[in-house]
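The values are calculated or read from the model by the stated rules, or taken from the named source; none is laboratory data. Worth saying up front: this structure is predicted, and the values here are computed from it rather than measured. Using ideal geometry, Cβ is built from the backbone for each residue, glycine included, and neighbour counts are taken over all protein chains shown.
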């Protein structure tokens, strides 16, 4: 079958399964095959009860010595199964599974898998999965892929569908020349797809990842080159002059700009007064003062008689920016005439804002992606400030400009990336970096702890909330998965657990699967101080600024990259109060603890990113994906740093040797790049 064939044509995929797959944006064979595993479970030989260790996920085969319960405990029905081996024993705790009592008999031998925790002198396995002997022997043969899912869909169902699609699919000839495959030790595209979904061992997975990561990097860099070549040819249609407004604002604020802020603003002024259209990235740590530099650029734009737009990733942050600007206008007499434009506004409110934008009455437009809708017509938009979540290609610049000239683009990024990689990844932009943090901020106090620390953490939450402060708790998963034996904390269950542990505390949960308006409402309540604890996935990494939040606790912190943990930590420490970050890990081995303690030793995001790059090895290829602009399907900018550099050099060689890709060996490559560019620009315009 053609790769564009609808997924419901696949044997074994009925209407119900196809509908669930569509929730994951899987419409075709290609979409399904490109839905890569998020990780793999390696099943090992069962061990006896006497060999279990706290903190480890293991498989135990033992004799049942007794069953207790079920007993009611709050929302849970708890059943306890006892395994005994001589002087050693293990308790298996099943929640809301009373039927287990009917299928287990005392004196029988059974196989269970789950995470071991120690409670006093007892060893306990919570929520274990039970296996038949034949079933488990099959699982021992190869790594078992686990996929991103939605409610009602299992990894087993997805895996079965993927395998059927791989057999049924008709593959095009490999677009990479044979010489590249040999030079970079790459397998063919079709073989990589088979190995990533159906590996015999983890070596197969690493072989497949190398090819697929190389491919992602290659197409991405080629798209950057296309954007850069077009951007460099754009003249400065909004050539500006320096005005006194910015210098008066700098003199009036009650603090001095850092050296990095001064240097960056000087570069921006040089761009906007120069011959070419600005396309600049400001890279700086969380809290480094990038937004103030952006406001200076927007003020210069307004002083020159033009319009500027500030585009935020969430409505909450857009509103916060708008309020900040209004306060600055009152305090310092700035010449801004701002309007706010978000998707949740009433039609009548939007219509009024549209008129102010079109007439030029508004010279600063603050909003979300609503800014690039067709109904928004600018009079003379000269500068667009955005974040890395909303980078623009040439078509998007045209859409923003409306008719006529191209606006200057200023992109802000808090993703800490070593400069060598940033030059490649932001190859279509000029780079500025702000390394220092503004003075007067108290450094965040950090600690790395095991799961046994939770009761102490909850007491600390209560103490902080009693002082009027607020708390974030981050979990890696949205909801529990009956197939999951890794004991990753999930937002849904954790919020309920906290409500039981902290009665009277106002607790809400947030995740990326919620409707946009629901997310906005929850974040607004937290920002307004109406919620004490927000339990969330990493969706709060960008787009919320709550100076009153002083505590962050990250569960399963070993599953995140250090750079991402550092960005999460940046959500606290934004106000005048002492702030704290608690990294909880269920893996307390020396390697994990040493890696996480790097966060204790440095608050420098760039240094932490470099350490992340050095420490993350092939054993940590899967798990929580990096977020932000560089959320590749399978490549990782830290783990695959060397591959990224190799790919960049190849693209440079290719462009020098055959820029039109007209040689015989490059014709298939040219077609595939054109398809990728077309698809990418379509996605960016959505």
* **Given (1) in contact with a strand residue (DSSP E or B) (Cβ under 9 Å, 6 or more places away or on another chain); (2) under 22 Å from residue 539 (Cα atoms), number of the condition residue 600 does not satisfy** => (2)
* Asked: For segment 282-369, which fully contained helices (runs of 4 or more DSSP H) count at least 3 residues that are within 25 Å of the chain's Cα centre (by Cα) and not assigned by TED's automatic domain parsing to the domain that holds residue 572?
  -> 290-303, 315-332
* Structure fact -> If we ask which residues in segment 487-498 are touching a residue at least 24 places away in the same chain (Cβ under 8 Å), more than 16 Å from residue 553 (Cβ to Cβ) and part of a helix (DSSP H, G or I), their number turns out to be 1
* Asked: When only residues in segment 52-77 that are more than 12 Å from residue 90 (Cβ to Cβ) and part of a loop (DSSP other than H, G, I, E, B) count, which is modelled with the lowest pLDDT?
  -> 55
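Condition check ((1) under 20 Å from residue 205 (Cα atoms); (2) at pLDDT 85 or above; (3) out of contact with any helix residue (DSSP H, G or I) (no Cβ under 7 Å at 6 or more places or on another chain)) across all residues:
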position	(1), (2), (3)
582	no, yes, no
592	no, no, no
602	no, no, no
624	yes, no, no
676	no, no, no
* Structure fact -> Taking segment 169-205 and keeping only residues that are assigned to a helix (DSSP H, G or I) and surrounded by fewer than 15 Cβ atoms within 10 Å (Cβ to Cβ), one is left with 178, 179, 182, 183, 203
* Asked: Taking the stated definitions as given, is residue 144 farther than 30 Å from residue 671 by Cβ, crowded, with 18+ Cβ neighbours inside 10 Å and touching a strand residue (DSSP E or B) at 6+ places or on another chain (Cβ under 9 Å)?
  -> yes
* To do: Could you list, in sequence order, all residues of segment 577-597 that are in contact (Cβ under 8 Å) with a residue 40 or more places away in the chain, under 17 Å from residue 452 (Cβ atoms) and not in a strand (DSSP E or B)?
  => 586, 587, 588, 589, 593, 596
* What tally of residues in segment 373-385 results from selecting those that are surrounded by 15 or more Cβ atoms within 10 Å (Cβ to Cβ) and farther than 23 Å from residue 293 by Cβ? -> 2
* Structure fact -> Checked against (1) at pLDDT 90 or above; (2) under 30 Å from residue 647 (Cβ atoms), residue 422 satisfies every condition except (1)
* **Unmet requirement for residue 289, which otherwise passes all of (1) closer than 21 Å to residue 432 by Cβ; (2) touching a strand residue (DSSP E or B) at 6+ places or on another chain (Cβ under 6 Å); (3) at pLDDT below 90** => (2)
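What do you reckon, is residue 243 surrounded by 14 or more Cβ atoms within 10 Å (Cβ to Cβ), free of Cβ contacts under 8 Å to residues at least 60 places away in the same chain and outside the structural domain of residue 563 (by TED's automatic domain parsing)? Steps first, answer last, please.
Working: surrounded by 14 or more Cβ atoms within 10 Å (Cβ to Cβ): yes; free of Cβ contacts under 8 Å to residues at least 60 places away in the same chain: no; outside the structural domain of residue 563 (by TED's automatic domain parsing): yes.
For residue 243, the condition - surrounded by 14 or more Cβ atoms within 10 Å (Cβ to Cβ), free of Cβ contacts under 8 Å to residues at least 60 places away in the same chain and outside the structural domain of residue 563 (by TED's automatic domain parsing) - is not met.
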* **In segment 230-281, the residues that are under 33 Å from the mean Cα position of the chain (by Cα), closer than 23 Å to residue 334 by Cα and part of a helix (DSSP H, G or I)** => 261, 262, 263, 264, 265, 266, 267, 268, 269, 271, 272
* To do: Taking residue 87 as the residue in question, decide whether it is surrounded by fewer than 16 Cβ atoms within 10 Å (Cβ to Cβ) and without any contact (Cβ under 8 Å) to a residue 40 or more places away in the chain.
  => yes
* To do: Determine if segment 140-150 includes at least one residue that is farther than 26 Å from residue 23 by Cβ, modelled with pLDDT of 85 or more and assigned to a helix (DSSP H, G or I).
  => no
* **Residue check for residue 331: under 15 Å from residue 291 (Cα atoms), surrounded by fewer than 19 Cβ atoms within 10 Å (Cβ to Cβ) and out of contact with any helix residue (DSSP H, G or I) (no Cβ under 7 Å at 6 or more places or on another chain)** => no
* If residue 89 satisfies every condition in (1) in contact with a strand residue (DSSP E or B) (Cβ under 8 Å, 6 or more places away or on another chain); (2) part of a helix (DSSP H, G or I) but one, which is the exception? -> (2)
* **Failed item in (1) under 26 Å from residue 132 (Cβ atoms); (2) outside the structural domain of residue 108 (by TED's automatic domain parsing), with residue 77 passing the rest** => (2)
* **Selection from segment 557-576 of residues that are in contact with a strand residue (DSSP E or B) (Cβ under 7 Å, 6 or more places away or on another chain), part of a helix (DSSP H, G or I) and within 22 Å of residue 436 (Cβ to Cβ)** => 565, 568, 569
* To do: Please work out which one of (1) surrounded by fewer than 16 Cβ atoms within 10 Å (Cβ to Cβ); (2) more than 24 Å from residue 488 (Cα to Cα); (3) without any contact (Cβ under 8 Å) to a residue 24 or more places away in the chain is the condition residue 11 fails and give its number.
  => (3)
* To do: Mind listing whichever residues of segment 14-29 are in contact (Cβ under 8 Å) with a residue 40 or more places away in the chain and under 25 Å from the mean Cα position of the chain (by Cα)?
  => 20, 21, 23, 24
* Given (1) surrounded by fewer than 21 Cβ atoms within 10 Å (Cβ to Cβ); (2) modelled with pLDDT of 85 or more, number of the condition residue 551 does not satisfy -> (1)
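Filter segment 499-539 down to the residues that are without any contact (Cβ under 8 Å) to a residue 12 or more places away in the chain and in contact with a strand residue (DSSP E or B) (Cβ under 9 Å, 6 or more places away or on another chain), then identify the one that is surrounded by the most Cβ atoms within 10 Å (Cβ to Cβ).
Result: 499.
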* Please give the number of the condition residue 337 fails out of (1) under 30 Å from residue 428 (Cα atoms); (2) modelled with pLDDT of 95 or more. => (1)
* When you scan segment 120-136, how many residues do you find that are under 20 Å from residue 83 (Cβ atoms), free of Cβ contacts under 8 Å to residues at least 60 places away in the same chain and assigned to a helix (DSSP H, G or I)? -> 2
